[in-house]
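S.K.: Let me begin by handing over the structure; questions about it come next.
Every number in this text was worked out from the coordinates using simple rules, so none of it is lab data. Keep in mind the model is a prediction, meaning the values are calculated, not measured. Neighbour counts run over all protein chains shown; Cβ positions are idealised from the backbone, glycine included.
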Amino acid sequence: MDLEERIHSIQRGDISQFEWIVEEYKNKIFSLAYGYTKDSYLAQDLTQDIFVRLYKNINSFQGQSSFSTWLYRVAKNQCIDWTRRNKKRMENTFLEEGQWDFKDLDIGPEERAIRKEKNQLLYEALESLPEKYRTPLMLFHFQNLSYGEIAEVLDLPSKTVATHLYRGKKLLREKLISKGRGDMLWTALL
Amino acid sequence: MDCSFIKLYLELLDRGQLNKELEEGIKSHIDYCKECSQELEEIREINNLFNEIQLPSLPMDFTSRVMGRIREDSTSPEKNIWQEFSKWGVSFVAAGLIMFLLNFVSFDFNIVTLTITEKNPDIINKVFEYAPSNILNRGFEQIEEIIENIGDRR
Ligand SMILES: [Zn+2]
């Protein structure tokens, strides 16, 4: 069954096909949600809310864009809503210990600590960016979307997406440098 | 090609997503332009960081938890009201929006739109999320025309 057929059967009431959608997109949505919440438990809850929302609104998808564009648009809006509702909380949030899914399992504790620190620096720098830069950067890097796809999700011309990505990355670099300054780790970072 | 154009495409060069012609053009520019090759270096440094980023993993039972919640809520998909609207035709929807906006024209259209978007971006987001964009765009075009006409009359 192809994606279009699956969506149609969900729209006709076959809930079991939605399970396939969750499996297919859960990691992508989770990585986006994590970028906003910086906490794996909160990101799990948010990802769950996003899927419930997607299911409830599945009938509003009428093939006017690709399904993934529609899906990311809903997800992005939910994430931005979440940030707005949790502004206070975010100011005091630090990355939790959590279980990190490192690709190389045989890394030592030292390497592990360095990676954790890199993660933390990058997420915090991302968080400090204005929304208009942060979202395209996350869609580009975590969702691997093209300029054209990001343009569709954000309803912006591709040229604007290119400009925002360029400026966003420049700003991100500045934030990373100022955060990392005076830190021995900085040399290991870049 | 000038540097400000090149800089917007360095990201795609690094990802190998440019067409051959553009890729060759940009590469030969970088060979002699110090500024752009420096920019590319900086972009690559940040991208390496992104490539190394790690995410905590989702629990194994995540999907069944989501499905459980959906079934438990006995949530069913909502009807798409825009679909219903579209049956009545674009002009009807546009006319409705225009009527709504005309009520506020005496306050000055710009102020009204700003207030709506600033006070409740959710509403605007929702409209854009669910409405077929072709209907919205055509509706907006018609509204813009009418607003221009009103402006002219003033
Ligand atoms: Zn140049």
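S.K.: What is the projected area of the convex hull of the Cα atoms of segment A:3-87, averaged over all directions, in nm²? Before the final figure, lay out each step's value.
M.R.: Numbers: hull surface 21.0 nm².
Projected over every direction and averaged, the Cα hull of segment A:3-87 covers 5.3 nm².
S.K.: Moving to a separate point now. I need the calculated FRET efficiency for the pair A:Arg84 and A:Glu124, taking r as the beta carbon distance and R₀ as 25 Å, to the nearest 0.05.
M.R.: FRET efficiency, A:Arg84 to A:Glu124: 0.85.
S.K.: Mind giving me the nanometre distance, one decimal, between the label points for A:Lys159 and B:Arg71, set 7 Å out from Cα along Cα→Cβ?
M.R.: Label at A:Lys159, label at B:Arg71, 5.2 nm between them.
S.K.: Suppose each label sits 7 Å from its Cα in the direction of the beta carbon; what would the A:Val52-B:Met60 distance come out to in nanometres?
M.R.: 2.6
S.K.: Net charge around A:Gln143, counting only other residues with Cβ within less than 14 Å of its Cβ (Lys, Arg = +1; Asp, Glu = -1)?
M.R.: Values: positive: A:Lys26, A:Lys28, A:Arg73, A:Lys76, A:Arg134, B:Arg15; negative: A:Glu24, A:Glu149, A:Glu152.
With Lys, Arg at +1 and Asp, Glu at -1, the net is +3.
S.K.: Using the alpha carbons of segment B:3-52, what is the convex hull volume per residue in cubic angstrom, as a whole number?
M.R.: Details: hull volume 3.2 nm³, N = 50.
Convex hull volume per residue, Cα atoms: 64 Å³.
S.K.: Checking the table A:Lys87/B:Lys7; A:Lys26/B:Lys20; A:Lys76/B:Lys79; A:Lys76/A:Lys159; A:Lys170/B:Lys34 against a 26 Å threshold on Cα-Cα, which pairs fail? Please list the in-between numbers first.
M.R.: Values: A:Lys87/B:Lys7 34 Å; A:Lys26/B:Lys20 34 Å; A:Lys76/B:Lys79 22 Å; A:Lys76/A:Lys159 20 Å; A:Lys170/B:Lys34 17 Å.
Check vs 26 Å cut-off fails for A:Lys87/B:Lys7; A:Lys26/B:Lys20.
S.K.: Sum up the charges of everything whose Cβ sits under 15 Å from the Cβ of A:Asp2, counting Lys and Arg as +1 and Asp and Glu as -1, but leave A:Asp2 out.
M.R.: Working: positive: A:Arg6; negative: A:Glu4, A:Glu5, A:Asp14, A:Glu24.
For residues surrounding A:Asp2, the net value is -3.
S.K.: Another question, if that's okay. Calculate, for A:Glu19 and B:Gln38, the FRET efficiency according to 1/(1 + (r/R0)^6) with r their C-beta to C-beta distance and R0 35 Å; round to the nearest 0.05.
M.R.: Efficiency, rounded to the nearest 0.05: 0.10.
S.K.: Once the other residues with Cβ under 10 Å from the Cβ of B:Cys3 are scored (Lys, Arg +1; Asp, Glu -1), what is the net sum?
M.R.: Residues close to B:Cys3 contribute a combined charge of -2.
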